[in-house]
Structure formats: structure tokens, C-alpha cells
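One structure is given below, encoded as C-alpha cells.
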Amino acid sequence: MKKDILVAAIIGFLVALLLLVIKLTGNIDRLNRLPYVEYSLVAFPLLAALGIAVASALGKRVRIVFQGAKFLLVGVLNTFLDLGVLNILTAATGVTGGILFAVFKGFTFLLAVANSYLWNKYWTFSSRKGTSQDFVAQGKEFAQFLVISGVGFFLNVGTASAVVNFIEPQFGLSERAWPTAGALAGTLVVLTWNFLGYKLIVFKR
């Protein structure tokens, strides 16, 4: 329990750092106008730790609640890693659409997938067998992870690219902020797919 709370706090801190990176790119005007974003460095770790503590208590009756909470927290980290690097790339190049945006989105998605594998294997689904698995078993597990994530890749990048290239900016968002909205849409589409795939196939114990 103490380990899970500590891990959750670390994830919350990393998310806060990535949020500050996104703000510093200047791509999202509304984020730039939000006061006290720096306080997220304290608030996010506390909220993440509290959330995991509550989920742990509820998970004593329904185990999937605890796993779901950890997966969601890792998903938030993956999302902010994806968005953070994507915003750095778009801010540095000025690219907000087209083929190059899809390349950027593909790269940031793959980066988030690698991050996801490590966190989900060793924390979310508590793969304690990881250290005792032989090379073949680990290779099979990673191959399954890549297949599930590969389908997720096309769902994620396809949704994000469709939103960016075929839908005009909505909700008062600027053209520079719209790629972030597209990326979030891709994340929402793929979230359920990944959780079920990882739980029922990749990390099934």
C-alpha cells in the first residue's frame, strides 16, 4: 500500500512537470491564462496518492477497481507525455496539420507506448513473474503488447489526424491548440481498448 501511494505520487509529480512543459510552449492560450499552474507540482502528487488510497480500499471488494485506477493514472501520465512532446515539436516547427503532424503524433504515441509497457507491467498489473520469465515468455508478452498497442496506434493516430485535418477548431480553441484536442480525442478512443487488451491478453495472470 505504501509503495502504491508513493508510485502514485511520483506519477502525479511527473504529470505536473509535463503540464508545465505544455504551458511553456505557449500553444494553448487558455492554459497560459490559468493562474497558479505551478502549484500542480504539489497538488497533483497529493491527489494521485489520495486517489490510489481510495481505490485500494474499494479494490478489496472489487479488484478491478484498484487495477482500473492504476491503469487510469498511468494513462494520464502517458497522455501528458504524448501531449508534452507533441507540443514541443509543434511549437518548435510551427507544424499543426498535414502529413508531418501525423509523423509527430506517431512518434509521440510510440514514446507513450514504451512508457506504458513498463508502468503497466511492473505496477498496474503487478507482473511479479517478470523477473522469472524466460526469454521466450518475455518475448511473447512483449509481442502481444505490441500487437494490442499497434491496433491502439492506428486508433489513436487515425482519430487525432481525422480531428485535426477534417474538423475545424471548435470550442473557441485556436489553430495552435487544436492538435492537442485531436490528440486527446485519440487518447479517449484507445483507452478502453488498451485496458481490456492488456488485462485480458498481455498481462493475464
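Here are the numbers for the structure shown:
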{"quantity": "Accessible area of the chain belonging to carbon and sulfur atoms, whole % at 1.4 Å probe", "calculated": "72"}
{"quantity": "Prolate/oblate/rounded call for region 19-139, Cα gyration tensor, a/c under 1.5 rounded", "calculated": "oblate"}
{"quantity": "Size of electric dipole in region 61-205: Cβ of Lys, Arg +1 and of Asp, Glu -1, about Cα centre, debye, nearest 20", "calculated": "820"}
{"quantity": "Rounded, prolate or oblate (a/c below 1.5 giving rounded, otherwise prolate when a/b exceeds b/c) for the chain by Cα gyration tensor", "calculated": "oblate"}
{"quantity": "For the chain, with +1 on Lys and Arg beta carbons and -1 on Asp and Glu, the positive-most of Val163, Ala114, Leu47 along the dipole", "calculated": "Leu47"}
{"quantity": "Above-threshold pairs, the threshold being 28 Å between Cα atoms, out of Lys2/Lys199; Lys2/Lys23; Lys60/Lys140; Lys23/Lys204; Lys23/Lys60", "calculated": "Lys2/Lys23; Lys60/Lys140; Lys23/Lys204; Lys23/Lys60"}
{"quantity": "For the chain, accessible area per residue (1.4 Å probe, heavy atoms of protein chains only), Å²", "calculated": "54"}
{"quantity": "Residue-averaged 222 nm ellipticity for the chain, from DSSP H runs of 4+ at -39500 (n - 2.57), nearest 500", "calculated": "-26000 deg cm²/dmol"}
{"quantity": "Unit charges at the beta carbon, dipole of region 62-194: most positive-side option, Thr180, Thr93, Ser149", "calculated": "Ser149"}
{"quantity": "Pair Leu110, Val21: separation of 7 Å Cα→Cβ label points (nm)", "calculated": "1.7"}
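The values are calculated or read from the model by the stated rules, or taken from the named source; none is laboratory data. These figures come from a predicted structure and were not determined experimentally. Neighbour counts run over all protein chains shown; Cβ positions are idealised from the backbone, glycine included. Quick note on the areas: whole protein, heavy atoms, side chains included, nothing else; ligands and nucleic acids left out. Shrake-Rupley method; radii C 1.70, N 1.55, O 1.52, S 1.80 Å.
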